[in-house]
Amino acid sequence: MVVDLQSAVPEPVEVAGVSYARGDLAVLEDIDVAIGQGRRLAVIGPSGCGKSTLLSLIAGLLEPAAGAITVGGGRSPAERLARCALMPQRDLLLPWRSALDNAGLALQNAGVRRSDARRQAAPLFEQFGLAEFESTSPAHLSGGMRQRVAFLRTLLAGKPVLLLDEPFGALDAITRLELQDWLVEALEVEPRTVVLVTHDVDEALKICPRVVALSQRPARVVLDAPSDNVTRDDVLGALRS
Amino acid sequence: MKKAGWVAVLILLVVAWQAYVSLRGIPGYLLPSPADVLRTFWNDRSTLVSESWVTGKEMIVGYIAAIELGLVFATAMHFSETLRRAVSPLLVASQSIPVVAVAPVVVIYLGFGLLPKIVLIALVCFFPIAVNALDGFRSVDPEYGRMMRTLYAGRRTIFWRVEAPWALPAIFSGCRIAAPYAAIGALFAEYAGGSGGLADSIRGAQLDTALVAAGALALTLLALALTGIVVLLERVFVPWAHEAR
């Protein structure tokens, strides 16, 4: 089952003094965040504060106006892009591909043959509660199932760092709780460095051992603490200030 | 029953037409009855079939040329903002060119063979195909690009794996819109350039109105056949577009 592409070694991420502006609009201001190798960090903040922008910056899809971002040994956008895989809020599964072929998308993009991509993706379907849905088309999967396939697609890219952009934001409350447990389990089997963007405080505290809260735009870090040392109210208080 | 509603409407129209002609005693050269048209269609079937063969070939060749051109243009415009800005107003203008007016000119330049017909048919069919394809490419959620880039995809991979398949339903609807245009384009091209096609029956027999109508019927059937082929291909190639979400 172990294949180079999917047995990635987690790498640390460091965001140092990063600012970013879109035209005249200051989005991020002097953000300092460090995530240790294989650790999980939740970034929480009001909608539109620039959380997704922060992920794009880490992934090397955008360049900061000031400051530096390091992912593993990489500083340049291309080097960062090579180390990060992004999971967006909506599953973005391709309706003409089966669930299994959607999960193997990154492998095929990297030049792996379709049959080999399927062979690598299939054991994960067994392991993570998707057995027997391999050939189902996305239109016939439930929201929770689709999100699982989307996560496996991200995982199978074999990148050391996973950037999860409100991955459960579009799900109903019960499915969301279920998938949060599922995600924690999956990450124990397949450890990665994770940055999870969410606006759900409980989700942040449940999945990640450390939480960073961002203010309204221009976003600054208003709280950076281990999840064990803070309560829901502490985080909400920091967000309100 | 709901699906067959159009059959009932069609029968009703034909019966009303027949009744109008028979009961009012309208002379056949003014308005032939449906029975006259069908009788002429049957009696002249060998001429109509051989003419349909000629016109049908022109339509298919011109139509395929339009699809190829339309897709090439749409793809180029999708990749180049500059090209899109430079060409799209001209594209819209090209759609307003009256085919009837340019047909004789095209014939003067290209002669009386197959080529001027193909050019005219391609001219009328090109626009809906190109515009729909371009809309299809551009309707892809940019989040796909953001995600795909982190999954080892370059610009080309994003086009072939996401944008092109995504645009297929739009491309097919452009083709469906363009199919009847191919018939109209063929008729005008034949008017201007003589051919052995259906225009011979339709225009040649000005006072034999039943034959004119029979020729028009044959042309309609060609347009419907082309549309039918496109719908069939769409079912085969884009089954996912019809799945319930």
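None of the figures in this text is laboratory data; all of them are computed from the coordinates on show. Computed from a predicted structure; not experimentally measured. Reconstructed Cβ throughout: ideal geometry from the backbone, glycine too, with neighbour counts over all protein chains shown.
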(Q) Using Cβ counts within 10 Å as a stand-in for footprinting exposure, how do B:S88, A:S76, A:S227 rank, fewest first? (A) A:S76, B:S88, A:S227
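Counting partner chain Cβ atoms within 10 Å of every residue's Cβ in B:150-160, what's the average? It would help to have the intermediate numbers written out before the result.
Working: counts 21, 14, 15, 5, 1, 0, 0, 5, 1, 0, 0.
Per residue, the average neighbour count from other chains is 6.
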Q: Just flag the chymotrypsin sites (Phe, Trp or Tyr not before Pro) in the stretch B:29-72 sitting in loop per DSSP whose Cβ has no more than 13 other Cβ atoms within 10 Å.
A: B:Y29
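I need the fraction of alpha carbon pairs in the stretch A:142-195 separated by more than 19 Å, rounded to a whole percent.
Numbers: 291 of 1431 pairs.
Everything past 19 Å amounts to 20 percent.
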Q) So what's the angle, to the nearest 10 degrees on a 0 to 90 scale, between helix A:114-127 and the longest Cα principal axis of chain A? A) 70
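In which sequence would B:M147, A:M145, B:M77, B:M59 go, from the one with the fewest C-beta neighbours within 10 Å to the one with the most? Mind showing how you got there, number by number?
Working: B:M147 27, A:M145 20, B:M77 23, B:M59 30.
Starting with the residue having the fewest Cβ neighbours, the order is A:M145, B:M77, B:M147, B:M59.
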Q | Sparse-neighbourhood loop sites, trypsin sites (Lys or Arg not before Pro) in the stretch A:81-159 - DSSP loop, at most 13 other Cβ within 10 angstrom | A | A:R113
Q | Distance histogram for the stretch B:127-191 (every C-alpha pair counted, 10 angstrom bins, percent rounded to whole numbers) | A | 21, 36, 23, 12, 6, 1
Q) Can you give me the Cα centroid spacing of the stretch B:170-186 and the stretch A:152-198 in angstrom? A) 46
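Take the Cα pairs of the stretch B:32-242, get the Kirkwood Rh, then feed it into Stokes-Einstein at 25 °C and 0.890 mPa s and tell me D in µm²/s.
Values: Rh = 18.8 Å.
Estimated diffusion coefficient is 131 µm²/s.
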(Q) For chain B, set up a GNM with springs between Cα atoms under 10 Å and report which of B:V15, B:V107, B:V92 has the largest fluctuation. (A) B:V15
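If you wrap a convex hull around the Cα atoms of the protein assembly as shown, how much volume per residue is inside, in Å³? All intermediate terms of the calculation are to be shown ahead of the outcome.
Working: hull volume 100.4 nm³, N = 486.
Taking only Cα atoms, the protein assembly as shown has a hull volume of 206 Å³ per residue.
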Q | Crossing angle, helix B:114-138 versus chain B [Cα axis fit, 0-90 degrees, rounded to tens] | A | 40
Q. Three principal axis extents, largest first, for the C-alpha atoms of the stretch B:61-130, in Å?
A. 39, 22, 18
Q) Given springs between every Cα pair under 10 Å in a Gaussian network model of chain B, which of B:S173, B:S96, B:S201 has the largest fluctuation? A) B:S96
Q | Selected from B:L198, B:L115, B:L211 as most flexible by GNM, with chain B as the system and alpha-carbon contacts under 10 Å | A | B:L115
**Q.** Sequence-distant residues sharing a close amide H with A:A42 (under 5 Å, placed H)
**A.** A:L196, A:R210, A:V211, A:V212
**Q.** Furthest towards positive pole of dipole, B:W240, B:L90, A:V221, structure part the protein assembly as shown, Cβ charges
**A.** B:L90
Q) Scattering from the C-alpha atoms of chain A alone, worked out with Debye: what is log10 I(q)/I(0) at q = 0.08, 0.12, 0.13 1/Å? A) -0.29, -0.66, -0.77
Q: Quick one: what are the phi-derived ³J(HN,Hα) couplings along the stretch A:135-145, Karplus 6.51/-1.76/1.60 with θ = phi - 60°, whole Hz, x for glycine and proline?
A: 9, 6, 7, x, 4, 9, 9, 6, x, x, 5
Q. Debye sum, Cα scatterers, the stretch B:73-171, no solvent: what log₁₀ I/I(0) at q = 0.16, 0.18, 0.21, 0.25 1/Å?
A. -0.77, -0.87, -1.04, -1.24
Q: Find the all-direction average of the projected area of the Cα convex hull for the stretch B:1-55, expressing the result in square nanometres with one decimal place.
A: 5.5
**Q.** Nearby aspartates and glutamates by direct alpha-carbon distance to B:K117 (threshold 20 angstrom, same-chain neighbours under 8 apart not counted)
**A.** B:E51, B:E58, B:E68, B:E190, B:D200
Q) Given the rule -39500 (n - 2.57) for each run of at least 4 DSSP H residues, summed and divided by the residues of chain A, what is its mean residue ellipticity at 222 nm, to the nearest 500 deg cm²/dmol? A) -10000 deg cm²/dmol
**Q.** Mean Cβ count within 10 Å, highest first, over the residues of peptides A:61-72, B:225-236, A:208-219, A:177-188
**A.** A:208-219, A:61-72, A:177-188, B:225-236
Q: Calculate how steeply helix B:164-193 sits against the longest principal axis of the alpha-carbon atoms of chain B, using the helix alpha-carbon long axis, and give the answer as 0 to 90 degrees to the nearest 10.
A: 40
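How many partner chain Cβ atoms sit within 10 Å of a residue's Cβ in peptide A:108-120, on average, as a whole number? Show your work: numbers first, answer last.
Numbers: counts 5, 9, 4, 2, 1, 0, 0, 0, 0, 0, 0, 0, 0.
That works out to 2 on average.
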Q | Approximate shape of the stretch B:1-110 as ellipsoid semi-axes (Cα gyration tensor, √5λ), whole Å, largest first | A | 42, 21, 16
